[in-house]
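A quick write-up on the structure given underneath.
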């Protein structure tokens, strides 16, 4: 592994431009896709958080404007570092149009207003997926050398086959919810995923989220992530979506706020995105007590689905402890 | 102390309600550090600190009572929503209360009474206000049109509703400090009282100076360390001017009372600024405090509310506490001399000075209060010893919680004695209360 220390927190806009150039070069055959992940870790320092943007983020996802930075907001703060790894010329998958499959976050303590942080990101688990190729982006955040936050995001490049992929990526298996096929969030048609239909029996809804047509733009404004698939129907269609879709981290942030509103220092959560939440739209949401596999950790299970949909938009879990689901 | 003569006299056998502690966020000037924070945000921030300080995570508290004066209609359940967003157990009930600037003190009185009667064992009282994030209301004309529009069924009806809209209807209405019945601002009302009692500019500036000096000294000795949680970068009240002087205060231009025959004396220095903030107080029975190994700072002894007819010019808008005071003292068999601390809310310096002058006036006390003579003198060295609203700022509903927590701590530090609280409020109302050391 090589360590690359970035001079500053990268700007997402520049990374998206880089991605567009990469896509053009790829299409023109000027750049042949790499077959393996770059053996590199990107480091960048960030913070302190912009208070006004933090407050806007908190209000958008229904959270009180506390001095503790929401764990989902930490994702948005460190996301440019992970994105800079994916925007590298030697990254084997095209960044544009990648679909967010899942997130897990383990937070030992909250980042606080006024604190600076260091973040490191790298890619691993380049894996064949039935709809393409998936990859894990791991991001770690620390304050003065103290690790406080680890996030793992799994992305899917649809229709891309790489020679260097290792074992098949383990299918997301959110505990207790049926229909856990690894769905491609951005597929145009529900039929693209064999075996997922008819398996989902909606639970009793306990909440309802109205997602306005400007949800994607509002989230972009507070997260800095202006990915076109979230902004408008025309910009989303350019990248193969039916309509604009809600940002996965926006849904995750609302899920965490609903389940653990008091925002404890220690919090862990995971979410699998099974079908896109189209904008505008309404999601039925079920919040239920549950436990982690093995029964050792009590947690809140959250499922969100569009009424009448064949599978959930997302399934997730939240617990007020720092527990890594990968190492129970 | 429950057998002490006077304590809780007027009521049948009740148990003590004690102040366990308090927490507030530093008060910010309007448009300052909390400009983006809502009432709910700030109330949760104050609750968060209280919960952390007293280990209330996941606990069911008997009841939470709080309120805000400038309140958006979407915050109809402000306090309950704040509880749901806090680390308190979601099974903690809550209610909103609104009594203008007496909101915070009235929540303390209400919950203390429930504790005394055994209805609850613990409670959190408080308040919050944001002058920055104030609700803005559409004009009455636009409101009527929108309501008619929502009821309209046919395009013709809809057109008829919209056609009544006039350009002037598009101007929004921001809340003001004007009294609904008189149209006069609170400052202009107080200017009438100030003139009637002949309160001088110098006396007002001296009181303002003392407020800043006392608050600065309280910070210096760490008095607020267990009464406050920093928020959004603020660690001290943003309005505090530790380096102010009588000379600086004397240079400020009067802002109220310019139209009166007498010289205008009320300035931005001796009037409270618009402020954002929140304050909460943890109350409990003695058994609750002991069972949870919590401190007991002071007893909430008794309280009295009063109101005056200011509309007909019979009395000053902010003079109601003057009337409540003798009733409270008589019921408890106490005199000013029996108190070691006086917390008279500094809405304006001249409000405090007018009240003190009224209690010292034999004529006023005989004719207006129905007493045999003057109620008494207040030892100024015991007045607002840790600063008050002129220095700290005055987020309307948060002031009661600030005062109760600070006074209870001062009494606990002293280890004996009593404290008297006086808070004036819009609408010609006021609440006074007695705390007692344990």
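What follows draws every value from the coordinates through simple rules; no lab data is involved. Quick caveat, the model's predicted, so the values are computed rather than measured. Quick reminder, even Gly has a Cβ in these numbers, built from the backbone with ideal geometry, and neighbours come from all protein chains shown.
Remarks
- Considering only A:46, A:14, A:294, the mean-square fluctuation computed in a Gaussian network model of chain A, springs between alpha carbons under 10 angstrom, is largest for A:294.
- Distance between the modelled labels on residue A:25 and residue B:60, one decimal in nanometres: 6.4 nm (7 Å Cα→Cβ projection).
- Expressed in Å, the radius of gyration and Dmax of the Cα atoms of the protein assembly as shown are 30.6, 103.
- Separation between Cα centres of the range B:104-136 and the range A:285-316, rounded to whole Å: 37 Å
- Springs between Cα atoms under 10 Å define the GNM used for chain B, and in it the highest mean-square fluctuation of B:315, B:286, B:202 occurs at B:202.
- The range B:269-314: C-alpha gyration tensor shape, a/c 1.5 cut-off, then a/b vs b/c: oblate
- Two-site label geometry, residue A:52 and residue B:337: point separation in nm, points 7 Å out along Cα→Cβ: 6.0 nm
- Under a Gaussian network description of chain B, with springs only between Cα atoms under 10 Å, the residue in B:119, B:314, B:98 that fluctuates furthest is B:314.
- For the range A:137-155 versus the range B:390-430, the spacing of their alpha-carbon centroids is 46 Å.
- A crude spin-label estimate for the pair residue A:161 and residue B:368, with each label 7 Å from Cα along the Cβ direction, gives 9.3 nm.
- Ascending count of other beta-carbon atoms within 10 Å, so fewest first, for B:105, B:50: B:50, B:105
- Take the Cβ atoms of residue B:154 and residue A:242, set R0 to 51 Å, and the FRET efficiency comes out at 0.90.
- Counting every other Cβ atom within 10 Å of each residue's Cβ, B:107, A:133 order from fewest to most as A:133, B:107.
- Dividing the summed -39500 (n - 2.57) terms of all DSSP H runs of n ≥ 4 by the residue count of the protein assembly as shown sets its mean residue ellipticity at 222 nm at -9000 deg cm²/dmol.
- Net length available on complete extension from residue A:212 to residue A:8 is 70.0 nm, with 0.36 nm assigned per residue and the Cα-Cα distance removed.
- Taken as Cα centroids, the range B:159-190 and the range B:28-76 sit 29 Å apart, rounded to the nearest whole angstrom.
- As a calculated quantity, the FRET efficiency between residue A:143 and residue B:176 at R0 = 45 Å, using C-beta atoms, amounts to about 0.50.
- Cα gyration tensor category, rounded, prolate or oblate, for the range B:331-438 with a/c compared to 1.5: oblate
- Compactness index (Cα Rg / 2.2 N^0.38 Å), chain A: 0.93
- Prolate/oblate/rounded call for chain B, Cα gyration tensor, a/c under 1.5 rounded: oblate
- Long-range Cα-Cα pairs in the range B:250-290 (distance over 11 Å), rounded percent: 75 percent
- Average other protein chain Cβ within 10 Å of Cβ, residues A:55-67: 5
- Residue B:200-residue B:381 FRET efficiency (beta carbon distance; Förster radius 22 Å; 0.05 resolution): 0.65
- When each of B:101, B:365 is scored by the number of other beta-carbon atoms lying within 10 Å, the sequence from fewest to most is B:365, B:101.
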